[in-house]
Amino acid sequence: MKYNKDIERVIAQIAEVAGYLWQRGWAERNGGNISYNITEWADRRLLKLKPIAPETPLERPVEHLSGNLFVVTGTGRRMRYVASAPMENASLIRISDGGSSYAIVAEKAIAPTSELPSHLLMHNYLRGRGIPNRVVVHTHPTELIAMSHNPEFLPKDVLGRLLWSMIPETRAFCPKGVGIAPYTLPGSLALADATVGLLDDYQVVIWEKHGALAVGEDIIEAFDMIDTLSKSAQIYLAARSMGFTPTGMTDTQMNELKEAFDL
Ligand code: 13P
Ligand code: ZN
């Protein structure tokens, strides 16, 4: 299908990021999924496309997404193929007026990710709060997941502070740190609710023993936050495998950064 240049750019960026997720080793098999709200760039023709699969009711309505159009990766689809053929592995879905269901409107009847409850409820919550969020990226970053297996890291902001302290970039570019949602069945509404509950405080959420999610206006920024946090996790791991626990930057050093970069 032919799209305007803004939507072409979004699709190209989804492909670009899907490639990074695969190259990073964060996307085994069909691991991870992406959704991108493209409503603001859609013309009448796109907004009025006829459904190509039956309308699917949503367990929880998303009233702030009424009539919105999303590119969503398909369930069971591999990121390495999203990278090479994005619209063969993702579809356009439109939320109904009122937000109680969605329909696939293009290009192929590819069922959206099993994590759609989390994606849509996150978009809905942020838009409802007036935040111009467009993107949710979910992936399986190895070192961050490994760290979420340690109960000592799970209390509020323990892991976030540790990751901040590994390298100045993380403090600067992930200024909110990371929220942690306790292990919950993948694809469940309970997992979605736990995640949404963290969005007042965080832009990145780690699903214990499962993966990470980032939200943002821009998919490159969302990817960069997970990448930066992952870098910190790798530094921690490298130090531990050399036989020592890294000291980390001190609170004073981190506060100095906070002031210098106005975080
Ligand atoms: P999907 O293939 O349904 O997107 O699921 C992948 C995944 O990472 C589930 O958490
Ligand atoms: Zn997952």
So which of ALA146, ALA181, ALA172 is over 14 Å from VAL205 (Cα atoms), within 20 Å of the chain's Cα centre (by Cα) and within 16 Å of ligand 2 (Cβ to nearest atom)? ALA146
Contact list please: Cβ distance under 6 Å, first residue in region 72-97 and more than 20 Å from PRO186 (Cβ to Cβ) and touching a residue at least 60 places away in the same chain (Cβ under 8 Å), second residue open to solvent by less than 20 Å² (accessible area, probe 1.4 Å) and of a type outside the set (S, T, N, Q), pairs at least six apart or on different chains. ALA83/ALA15; ALA83/ALA18; ALA83/GLY19; PRO86/ILE11; PRO86/ILE14; PRO86/ALA15
Any residue that is closer than 24 Å to ALA212 by Cα, more than 14 Å from ligand 1 (Cβ to nearest atom) and of a type outside the set (A, V, I, L, M, F, W, C) - is there at least one of those in region 1-14? yes
Considering region 168-195 alone, what residues qualify as being within 16 Å of ligand 1 (Cβ to nearest atom) and either touching a residue at least 40 places away in the same chain (Cβ under 8 Å) or of a type in the set (Asp, Glu) (or both)? PRO186, GLY187, SER188, LEU189, LEU191, ALA192, ASP193, THR195
List the residue pairs whose Cβ atoms are under 7 Å apart, where the first residue sits in region 122-149 and is small (Gly, Ala, Ser), the second is part of a helix (DSSP H, G or I) and surrounded by 15 or more Cβ atoms within 10 Å (Cβ to Cβ), and the two are 6 or more positions apart or on different chains. GLY128/HIS64
Conditions (1) within 17 Å of the chain's Cα centre (by Cα); (2) open to solvent by 40 Å² or more (accessible area, probe 1.4 Å); number of the one not met by ASP157: (1)
Name the residue that is nearest to ARG60 (Cα to Cα), counting only residues in region 100-119 that are within 16 Å of ligand 2 (Cβ to nearest atom) and not small (Gly, Ala, Ser). PRO117
Among the residues of region 224-263, write down those that are among the β-branched types (Val, Ile, Thr), closer than 14 Å to GLU169 by Cβ and open to solvent by 40 Å² or more (accessible area, probe 1.4 Å). ILE235
Would you confirm whether or not region 209-219 contains a residue that is more than 16 Å from ligand 2 (Cβ to nearest atom), surrounded by 19 or more Cβ atoms within 10 Å (Cβ to Cβ) and in contact (Cβ under 8 Å) with a residue 60 or more places away in the chain? yes
Counting only strands (runs of 3 or more DSSP E) wholly inside region 152-240, the ones holding at least 3 residues that are closer than 21 Å to GLN13 by Cα are 211-216
When you check GLU59 against the structure, is it under 17 Å from the mean Cα position of the chain (by Cα) and either within 16 Å of ligand 1 (Cβ to nearest atom) or closer than 30 Å to ILE145 by Cα (or both), yes or no? no
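The values are calculated or read from the model by the stated rules, or taken from the named source; none is laboratory data. None of these values were measured; they are calculated from a predicted model. Cβ sites come from the backbone with ideal geometry, for glycine too, and all protein chains shown count toward neighbours. The accessibility values were calculated without ligands, DNA or RNA, using every heavy atom of the protein model including side chains. Shrake-Rupley method; radii C 1.70, N 1.55, O 1.52, S 1.80 Å.
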